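Nothing in this text is a laboratory measurement; each read-out follows from the coordinates by a stated rule. Quick caveat, the model's predicted, so the values are computed rather than measured.
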Amino acid sequence: MHDSGPRHDGHLANDLSATADEVNCQQFVELVTDYFEGALPPRALSQVEEHLVMCDWCVTYVEQMQATVDSLGKLKDRSSREPPDSLLAAVRAKRAAGE
């Protein structure tokens, strides 16, 4: 069972009988970034897609990750902005006042 996120029946998470051609939930989580970036080799992509057909938890995980990526993409980069003129004026006034 996963520690966070939706409830999960653990269908492949701890299944030692999974074949080499199956991806379990832990492996899926490790591959999700490459999946989003389209960087998986064809065989791994097929395995991931087959896993998603069988695992509601991982489908929800993908949806949550995609929502996070989408939200982060909408954030403005504030690190490169100049400070507001009002802040600069306040600092200059304090400095001029000797504070």
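General remarks:
- Shape call, the stretch 25-96: gyration tensor on alpha carbons, a/c limit 1.5: prolate
- Gain in span if fully extended, Leu72 to Asp85, counting 0.36 nm per residue against the direct Cα distance: 2.0 nm
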